[in-house]
Amino acid sequence: MSRIGRMPVAIPGGVDAKIDNSNVITVNGPKGTLVRQLHTDMIVKIDKGEIVVERPSEEKNHKEIHGLTRTLINNMVTGVTNGFEKVLEINGVGYRAQKQGKKLVLTLGYSHPVEMEEPQGITVETPAPNRIIVKGIDKQAVGQFAAEIRFKRQPEPYKGKGIKYDYEVIRRKEGKTGKKK
């Protein structure tokens, strides 16, 4: 049996979870509400303040989605209680980020500034010109928007210029050496 799938998801105080007959789970918490359609084959139950995920059979596809379903539910509960955040750093001379209302304006060495609109449910902060913090309750949406920001100017291996995650380590390459005759 899946080690992750068989662990119950504890429902903390202040969080309310509901599951209807078509496996749509709704999780309400202090930070907001998340709704997700789970796989219809999975058996999801709420009992004694915990959410338990069971699979109907030992078929390969049921084994595959057992742990996934439990992790999705756990991420929903974590999101409405604590939220998720990704921190990005900008390296490079003249590269910077700033917030203008609901827009993130990036100056990345192109001929024009790059403007990105905040998606619904996501907040972006720029505590410093070279630091971007993406926050939200949906883990997938936070990660997706952070990846889109990073894609605007990926870090290059020679000087390390570009946008990277704060935990990311850029492997540096040595530049060309010119041989003289």
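Things to note:
- Segment 9-60 versus segment 105-181: alpha-carbon centroid distance in Å: 35
- Rg/Rh for the chain stands at 1.13; both radii use Cα atoms, and Rh follows the Kirkwood definition.
- Candidate aspartates and glutamates - alpha carbon under 14 Å from residue 164, same-chain residues fewer than 8 apart omitted: 89, 148, 156
- Cross-link reach is defined here as a Cα-Cα straight distance under 19 Å, omitting same-chain residues fewer than 8 places apart; for residue 63 the aspartates and glutamates meeting it are 41, 54.
- Taking a straight line from the alpha carbon of residue 60, these lysines sit under 23 Å away, with near neighbours fewer than eight places off in the same chain left out: 45.
Computed from the coordinates by the stated procedures, all read-outs in this text should not be read as laboratory data. Just so it is clear, the structure is predicted and the values come from calculations on it, not from any experiment.
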